[in-house]
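Right, one structure below, let's go through it.
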Amino acid sequence: MNASLSELKISVTRPNRKPALMLAELGMEIVPVEEDEGNVDRYVLSDRVAVERRTGSGLLQGIMDKTLFTSAVYLHEHFQVAVLIVEGEVDYTYTRFDPQAIRGALSSMPLQYGVSVLSSPSAEETVQMIVMMTRHAQVGVPEISLTPKRKAVDLPDMQRRLIEMLPGCGMVMGRELLQHFGSVKRIVNGSEDDFRAMRGIGVK
C-alpha cells in the first residue's frame, strides 16, 4: 500500500474535467479513453473496477434522459466492481422531479444493476475517493483485523492484548500463554517443545 501515485494509472473518458486534471496534478498517469460509451465522466481503475462520477444536476439529467440506466447496464456488463459517485447536493427543489423518483433511481443502482453508490460533497473529495479506490484496485486492500480495539487498563492487560495479536491466537489462548510462560519475553523466546507442552497447541 506504499506505492506512490506516479505508479498508478487510470483511464478516463473526460481527461479535461476538473477531477481528472486534479488526479494528474497529484502525479497519477491519466490515459484518455478514445471510445466513450455513454458519454459520461468515467474512471477505469483496473480491468475489473470502474467509477462513474455524476454531479447532483448530472444525476437528475441522467434520470431524465435515461443515460444513468444505460450507463449502469454498461458498467454491469463490463466490470466486476462498478461504483457511482454522486457529487454535491441533489437539489430537486426547483425541478419537477418527485423525490421518490430520485430515491428509486438510486435504489435500483445496487439492487438491479449491481452498481454501488457513494456520496461526495465536492470534487476534491471525489478525487481522494478515486485515489483510494485506485490504490486498492491496483495495489491491494490491507488486511483488516476483526478483533475489536479496546484500551488497555493496566500492564497485564496490555500484555494480553499484545499476545492476542499473534497469528492464531485469541483472548483465551493469550491468557493461557501468559499463565503458562509467565511473561511476554518468555513467550517470544519459547521453543516448539515449550509450546507443544501446552494444552490446545498441536503440531500445526
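The values are calculated or read from the model by the stated rules, or taken from the named source; none is laboratory data. Keep in mind that what you see is a predicted model, and the values were worked out from it rather than measured. Cβ: placed from backbone, ideal geometry, glycine included. Neighbour counts: every protein chain shown. All accessible areas refer to the heavy atoms of the entire protein, side chains included, with ligands and DNA or RNA removed. Shrake-Rupley method; radii C 1.70, N 1.55, O 1.52, S 1.80 Å.
Some points to look at:
One line per residue, one yes/no per condition, for (1) in a strand (DSSP E or B); (2) of a type in the set (Asp, Glu); (3) in contact (Cβ under 8 Å) with a residue 12 or more places away in the chain:
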position: 16; (1), (2), (3): no, no, no
position: 21; (1), (2), (3): no, no, no
position: 34; (1), (2), (3): no, yes, no
position: 51; (1), (2), (3): yes, no, yes
position: 60; (1), (2), (3): no, no, yes
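- Criterion violated by residue 86 - all others in (1) at pLDDT 95 or above; (2) closer than 21 Å to residue 13 by Cα; (3) part of a helix (DSSP H, G or I) satisfied: (3)
- When residue 131 is tested against (1) assigned to a helix (DSSP H, G or I); (2) farther than 17 Å from residue 27 by Cα; (3) open to solvent by less than 40 Å² (accessible area, probe 1.4 Å), only condition (2) is not met.
- Residue list for the range 187-202, filter: open to solvent by 90 Å² or more (accessible area, probe 1.4 Å) and not in a helix (DSSP H, G or I): 189, 199
- Any hit, the range 49-68, residues being within 13 Å of residue 131 (Cα to Cα), in contact with a helix residue (DSSP H, G or I) (Cβ under 7 Å, 6 or more places away or on another chain) and either surrounded by fewer than 17 Cβ atoms within 10 Å (Cβ to Cβ) or aromatic (Phe, Trp, Tyr) (or both): no
- Leading residue by the ranking (most open to solvent (accessible area, probe 1.4 Å)) among those in the range 1-40 that are at pLDDT below 80 and of a type in the set (S, T, N, Q): 2
- Among the residues making up the range 158-186, a single one is of a type in the set (D, E, K, R) and exposed (fewer than 11 other Cβ atoms within 10 Å of the Cβ): 185.
- Looking across the range 89-125, just one residue is in contact with a Ser or Thr (Cβ under 7 Å, 6 or more places away or on another chain) and either surrounded by fewer than 14 Cβ atoms within 10 Å (Cβ to Cβ) or closer than 19 Å to residue 71 by Cα (or both), and that is 110.
- In the range 100-122, the residues that are closer than 24 Å to residue 133 by Cα reach residues that are open to solvent by 60 Å² or more (accessible area, probe 1.4 Å) and assigned to a helix (DSSP H, G or I) with C-beta atoms within less than 6 angstrom, at least six apart or across chains, in these pairs: 113/76; 114/76; 116/110.
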